[in-house]
Each structure stands twice: as structure tokens, then as C-alpha cells.
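First the structure, in the form of C-alpha cells, and then the observations on it.
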Amino acid sequence: MAAAGSAGSWRWMIVVPLLLVMLQLAGAASAAALPVVINTWAFRKAAETAWRVLQQGGSELDAVERGCGQCEIDQCDGSVGYGGSPDESGETTLDAMIMNGNTMEVGAVADLRHIKNAIGVARKVIEYTKHTLLVGESASLFAVRMGFPYEDLTTQKSLSMYSKWLNQSCQPNYWKNVVPDSSKSCGPYKRPEEVTCKEQTNLQRSIHNHDTIGMVVIGGSGTVVSGTSTNGAAHKIPGRVGDSPIAGAGSYADSTAGGAAATGDGDIMMRFLPSYQAVEYMRMGTDPTVACQKVISRIQKYAPEFFGAVICANTTGSYGAACNKIPGLTQFRFMVANPLLSQPTEQVVDCI
């Protein structure tokens with residue numbers, strides 16, 4: 001009898017852990033639900049707007065356009081929409097994109113001037129052209145032809161930011177290896193006769209000069225749409241375009257796998273196409289959180305102090321996020337809405 005009892009105990013020692021694992025897996029699976037809205041940062045009104053569009057029968061494209069557009073109206077953190085992040089000449093310019101994961105069509109605008117609704121113009125690029133990306137003043141002229149009002153994007157706040165920057169010898173800025181010394185004075189700069197390369201480290205990166213609204217919406221039928229909108233890096237060199245309007249960098253959508261969006265230092269992040277890579281990891285069956293972590297880790301090898309984060313969602317509705325741990329960014333906040341949540345909810349991940 002003792003032997004039988006011992007055998008029974010051993011069986012339970014094996015079965016109980018297996019049951020716990022099965023329960024954990026079931027819990028993880030139940031956390032995934034469609035439709036789902038996920039966006040970077042704690043931009044609650046953007047998530048609420050996108051979710052409301054879906055609940056009212058709007059399409060996934062409608063949800064992304066309206067959700068990102070809400071941030072343009074609200075001037076989220078001063079880094080999205082008009083009146084923020086003036087460039088070296090004091091002008092605010094906008095970048096945006098939207099991608100349809102069913103057709104793989106992309107509409108994008110970069111260095112957009114005098115038009116407030118950048119994500120709206122990006123969608124018109126899909127609907128009314130055979131192009132993918134329009135830039136600069138020509139993009140603005142296209143927007144006017146599409147019915148968007150031509151407006152001044154400058155505000156008292158952006159003028160104040162610009163004046164303060166000028167008064168502190170144009171610091172920080174994005175020049176290097178030029179004369180006069182860009183770390184001590186304003187330009188105009190020029191290339192010296194002999195260039196001695198040195199790393200510039202005074203850019204003082206923070207969530208307030210590298211924010212982007214990045215959003216992924218997956219509908220109940222599995223349609224994936226992603227989008228971004230930003231006014232770019234504060235005090236950027238005029239003409240600079242970051243990752244936000246670049247497919248595969250700022251965001252990526254594929255209805256056979258999932259969607260992802262990035263935020264942070266676009267000049268570094270765009271070199272690694274993190275959104276595309278995250279979607280490809282999910283295509284191979286990688287959990288969304290792990291997919292996000294893997295792309296962050298890849299960038300870390302080359303730029304360990306970069307500022308950035310990625311959000312990911314797969315076609316089951318499972319989602320995740322990851323960020324690079326640096327001073328000033330130890331956690332990353334993002335918004336999620338799905339049928340299992342009573343309302344769009346802010347979530348937090350620890351940076352790696």
C-alpha cells in the first residue's frame with residue numbers, strides 16, 4: 001500500500017504542475033480578443049476615439065485616421081500636430097502615414113507644411129494617388145487640392161520654444177563636424193576643410209522631443225491597419241524626416257500576421273525597420289511582447305542609449321510593448337482597448 005501511495009503522490013506531483021501550466025496558457029489566450037486598438041503613450045483620447053469609431057461600425061482605416069487625428073487636434077505632448085517641435089527656422093512641419101494590411105497600400109506625407117490634419121492627408125494619398133509618399137510644399141499643395149485648409153501651424157508656444165532655443169546658443173541641435181562649433185554656437189554652419197569626426201552627445205533626448213502617436217487597429221475580421229503622426233524632433237534641421245512616415249519603420253501592418261508601431265529617436269530607429277521586423281517575428285509565431293523586445297534588443301547592440309519603444313499586436317488580438325531602458329525612460333505607457341476591457345486602458349511595461 002505504501003508503494004501504491006507513493007506512486008499516487010508522484011503522479012500528482014507531475015499532474016498538478018501540468019494543470020497549472022495549462023491554466024496559465026488558457027489565461028494568456030483569453031487575454032487576446034478582437035477587435036483591438038493599441039497606441040503609443042498614454043494618449044487616452046486617441047484610443048477612445050479609435051475605439052468609438054469601431055463600435056459605431058467604422059472601418060479600421062477610419063479608426064486609425066480618427067484616432068491619430070485626435071492627437072493632432074489635442075497636440076499630444078506638444079510632439080504631435082501643429083504648434084510644437086519647431087525646426088531650426090522656427091517652423092512646425094508634420095509627418096504621418098497610414099497602412100492597410102489587407103492590400104499593403106501605404107499613404108504617407110513628410111515635411112508637411114501649413115496643413116494640420118497630416119494623417120488625413122496621408123489617407124488621401126492612398127485613396128487618390130498611385131504613390132506612397134509625398135513630401136514638403138508639394139504635399140501641402142496636394143492637401144489643398146484634396147480640400148484641406150491651408151493654415152499657420154505656428155503658435156505662441158512654438159514661438160516661445162524657438163526663442164528660448166536661440167537664446168541658449170541653439171542648444172541642443174543636430175549638427176556635427178561643422179564650423180563654427182555647433183555645440184557652442186548657432187550657425188550658419190559649413191563643412192570644414194578637414195573633417196575630424198566626433199560623436200555629439202548633447203541632444204538631451206526626452207519623451208517631449210521624440211514622441212509619436214503610433215496606432216495599430218485590428219478589426220473583428222482580422223483586418224490590420226496601422227498609422228502614425230508626429231511633428232518630429234524639436235529643433236531639427238529643416239528638411240529632416242524621421243521614421244514616422246516610413247513604412248516598416250514608423251509602423252507596419254499585415255493582415256496575415258499583425259501590426260506594430262514605433263516611437264522615439266527616429267533617426268536611429270528607422271535604420272532598423274523595427275515595425276516591419278516585429279511583424280515578421282509575429283508571423284513566425286513569436287509572442288507580441290517578445291517580438292517587441294527582440295527589435296529593441298537588436299537596436300541596443302548598435303545604439304545602447306537610444307530613446308525608443310515599440311508596440312505590437314497579432315491577428316488573435318494578443319498585444320505587447322517594449323522600450324529601451326535609459327535615464328528618463330524606465331517604463332513605457334501605452335493604451336489598449338478590446339472587448340475584455342471596460343474602457344480603453346493605460347498599460348505599463350518595464351523597459352529592458
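Things worth noting here:
- Condition met for Gly57 (out of contact with any helix residue (DSSP H, G or I) (no Cβ under 9 Å at 6 or more places or on another chain) and either small (Gly, Ala, Ser) or open to solvent by 20 Å² or more (accessible area, probe 1.4 Å) (or both)): yes
- Residue in the stretch 121-132 that is closer than 21 Å to Gly78 by Cα and among the small types (Gly, Ala, Ser) present: yes
- Tally of residues being assigned to a loop (DSSP other than H, G, I, E, B), farther than 21 Å from Gly242 by Cα and open to solvent by 40 Å² or more (accessible area, probe 1.4 Å) across the stretch 159-186: 7
- Conditions (1) at pLDDT below 95; (2) open to solvent by 10 Å² or more (accessible area, probe 1.4 Å): number failed by Ser79: (2)
- Among the residues of the stretch 316-345, the ones that are closer than 15 Å to Met215 by Cα and over 16 Å from the mean Cα position of the chain (by Cα) come to 6 in all.
- For the stretch 172-209, residues that are closer than 30 Å to Ala309 by Cα and either among the hydrophobic types (A, V, I, L, M, F, W, C) or modelled with pLDDT under 80 (or both) total 14.
- Pairs with Cβ under 7 Å, 6+ apart, first in the stretch 153-180 and at positive phi, second assigned to a loop (DSSP other than H, G, I, E, B) and of a type in the set (A, V, I, L, M, F, W, C): Ser169/Cys186; Cys170/Cys186; Asn177/Val195; Asn177/Cys197
- When the test is whether a residue is under 19 Å from the mean Cα position of the chain (by Cα) and of a type outside the set (S, T, N, Q), Asp95 passes it.
- Here Gly242 qualifies as closer than 30 Å to Thr93 by Cβ, in a loop (DSSP other than H, G, I, E, B), over 10 Å from the mean Cα position of the chain (by Cα) and not β-branched (Val, Ile, Thr).
- Among the residues here, Ala31 qualifies as open to solvent by less than 60 Å² (accessible area, probe 1.4 Å), over 22 Å from the mean Cα position of the chain (by Cα) and modelled with pLDDT under 95.
Residue-by-condition table, conditions (1) open to solvent by less than 60 Å² (accessible area, probe 1.4 Å); (2) in contact with an Asp or Glu (Cβ under 9 Å, 6 or more places away or on another chain); (3) under 15 Å from Gly69 (Cα atoms); (4) not in a loop (DSSP other than H, G, I, E, B):
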{"residue": "Ala108", "(1), (2), (3), (4)": "yes, yes, yes, yes"}
{"residue": "Ile115", "(1), (2), (3), (4)": "yes, yes, yes, no"}
{"residue": "Lys124", "(1), (2), (3), (4)": "yes, no, yes, yes"}
{"residue": "His131", "(1), (2), (3), (4)": "no, no, no, no"}
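The values are calculated or read from the model by the stated rules, or taken from the named source; none is laboratory data. Everything quoted here is computed from the prediction, not taken from an experiment. Ideal geometry is used to build each Cβ from the backbone, glycine not excepted, and the neighbour counts take in all protein chains shown. Just so you know, the surface numbers come from the protein's heavy atoms only, side chains and all, with ligands and any DNA or RNA stripped out. Shrake-Rupley method; radii C 1.70, N 1.55, O 1.52, S 1.80 Å.
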